[in-house]
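This report refers to the structure that appears directly beneath it.
The values are calculated or read from the model by the stated rules, or taken from the named source; none is laboratory data. Quantities reported herein were computed from a predicted structural model and do not represent experimental measurements. Don't worry about glycine lacking a Cβ; one is built from the backbone with ideal geometry, like all the others, and counts go over all protein chains shown.
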């Protein structure tokens, strides 16, 4: 019986924990896919939604995000999702 007490305590504490303060909670949140001096932001509906994610990635390289196009991003065994492609340019 005592062996279950730590497990029960962990489950109870987990149930009381707060969710992260992100507007994108869950498996469908935007995801950044880097490619050298370019980046694709997956799971977004528009350039405006992807821009902050691309800017954050490019800023780490001392560059600025320049929008290329919206496209469908496909991964093996996953449903295709909308994505935005950006180049990280000097600027």
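So which residues in the range 52-63 are over 11 Å from residue 30 (Cα atoms) and within 12 Å of the chain's Cα centre (by Cα), if there are any at all? So that I can check it myself, show each step before the final result.
Here is the first cut: in the range 52-63, the ones over 11 Å from residue 30 (Cα atoms) are 55-63.
Answer for the range 52-63, where residues must be over 11 Å from residue 30 (Cα atoms) and within 12 Å of the chain's Cα centre (by Cα): 56, 57.
Mind listing just one residue for me: the one in the range 32-46 that is buried (at least 16 other Cβ atoms within 10 Å of the Cβ) and under 11 Å from residue 83 (Cβ atoms) and, of those, farthest from the chain's Cα centre (by Cα)?
Within the range 32-46, the match that is farthest from the chain's Cα centre (by Cα) is 39.
Kindly indicate whether any position in the range 56-73 is modelled with pLDDT under 90 and surrounded by fewer than 11 Cβ atoms within 10 Å (Cβ to Cβ).
yes
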